[in-house]
Amino acid sequence: MKMKKPGLTFYRGAAIMVIVIFVGLQMISPNIENPPVTSEIAVPAEVKQILERACYDCHSNEAKVEWFDKIAPASFLVAHDIDEARSRFNFSEWDKNPTAVQELLLWEMVNAIEQEKMPLKRYTLAHSGGKVTASELAVLKQYVNTLPGRHKVDTARIVARTSVNQKASTQKTPVSLNNIPYSSDYKNWKIISVTDKFDGGSMRIVYGNDIMVKAIEKRQLPFPDGARIVKVVWGKQAEDKDGNVRPGNFQNAQFMIKDSKKYSATEGWGFAKFDGLDLKPAGKTVLFEQTCANCHRLLAPENDFVFNIPTK
């Protein structure tokens, strides 16, 4: 028995249904608005020009939305990307970030561009002018290299501090604003990675506790609760006459603690950073952890938001 082919009535009905859905989507399409600019980022003109073309459509209150960006269903994705981008950092509200955070955001922005994670590929497909060229990336790198750096500490103070640091019983343990205490136990953990940022003038050693190390060996993602990482950062490297590179000034120790329930708002990870030889907890409010989480969301979503995982 032969099946009847769909007739003209069927195709006409399907077309009408598609048109009705399309029109309905336009009626509920989100309205993308630009709030007032309160404190625009101040950078050299050549840097500003690159940022305005490649970043401002999402990371500012000066988004230039094209006509095709306003057509649903694309408009829903555009609105989502702009809201997400502004929540991470906004060049039109730049002074909301402390100076140290501003530097961190600029460094991570350049890293994201170099790794081709920003601008988003779906953005550049529709906005080819938003691509950052190699020469423009060089301009951005040159600029961030002029930034004063984060909490440079004179290594000569290490010797002077040794006797003081040995009196642990009389010292108060530094605790981050989200209640993560500093602990030197990581010095007994396994080293899982050694990295450097020659462009940023720093080198790092990454430690992992037993839970983290076993999870890495098994390629267990997401990482289990109880996994801990500590990244210890030194400042500008000094190269001797034989070409040996040695660490310079101690900068900070960065902690990541996995607890999927306790830290659900920051992808299951608790973040803390302790700066300088005094191990001063970073951040002025507990919201500092969102800055950390946003960076990890941007650059390492495929690795449960962890940088520098060793390969097999």
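Quick note: the coordinates plus some simple rules give every number you see, no bench work behind them. Every value quoted in this text rests on a predicted model; they were computed, and no experiment measured them. Glycine also receives a Cβ, built like all others from the backbone with ideal geometry; neighbour counts cover every protein chain displayed.
Net charge near residue 175, counting Lys/Arg +1 and Asp/Glu -1 over other residues with Cβ under 13 Å of its Cβ?
Here the charged neighbours net out to +3.
So if I take the alpha carbon set of segment 45-144, get Rg, then get Rh from the Kirkwood formula, what is the Rg over Rh ratio?
On the way: Rg = 13.5 Å, Rh = 14.1 Å.
Rg divided by Rh gives 0.96.
Taking Cα pairs under 8 Å and at least six residues apart, what relative contact order does segment 45-144 come out at, in percent?
Value for segment 45-144: 35 percent.
If amide H atoms are built 1.01 Å from N in the plane of the peptide, which residues on other chains or at least 5 residues away come under 5 Å of the amide H of residue 273?
The answer is 255, 282.
Roughly how many Å is it from the Cα centre of segment 264-299 to that of segment 24-91, as a whole number?
A separation of 26 Å, based on Cα centres.
Take 285, 146, 266 and order them by how many other Cβ atoms sit within 10 Å, fewest up front.
Least crowded to most crowded, the residues run 146, 285, 266.
Applying a 10 Å radius around every beta-carbon, put 267-278, 62-73, 105-116 in order of their mean neighbour count, most first. Show your work: numbers first, answer last.
Values: 267-278: 20.6, 62-73: 14.2, 105-116: 17.7.
Taking the mean over residues of other Cβ atoms within 10 Å, the ranking is 267-278, 105-116, 62-73.
Using per-residue counts of other Cβ atoms within 10 Å, averaged over each peptide, order 50-56, 217-223, 229-235 from highest down.
In descending order of packing, they fall as 229-235, 50-56, 217-223.
How would you rank 202, 39, going from fewest to most other Cβ atoms within 10 Å of each one's own Cβ?
With the fewest neighbours first, 202, 39 line up as 39, 202.
About the Cα centre, and with charges only on the beta carbon of Lys, Arg (+1) and Asp, Glu (-1), how big is the dipole of segment 200-301? Nearest 20 debye, please.
200
When Lys and Arg each count +1 and Asp and Glu each count -1, what net charge do the other residues less than 14 Å away from residue 261, Cβ to Cβ, add up to?
Charge balance in the 14 Å sphere: -1.
Towards the positive end of the charge dipole of segment 42-128, with charges on Cβ (+1 Lys, Arg; -1 Asp, Glu), say which of 58, 120, 75 has the farthest Cα.
Value computed over the given set: 75.
How much net charge surrounds residue 45 when only other residues with a Cβ under 14 Å from its Cβ are counted (Lys, Arg +1; Asp, Glu -1)?
-2
Mind listing the phi-derived Karplus ³J(HN,Hα) values for segment 38-47, rounded to whole Hz, using 6.51, -1.76 and 1.60 with θ = phi - 60°, and x for any glycine or proline?
9, 7, 6, 4, 10, 9, x, 4, 5, 6
Find the all-direction average of the projected area of the Cα convex hull for segment 67-108, expressing the result in square nanometres with one decimal place.
3.6
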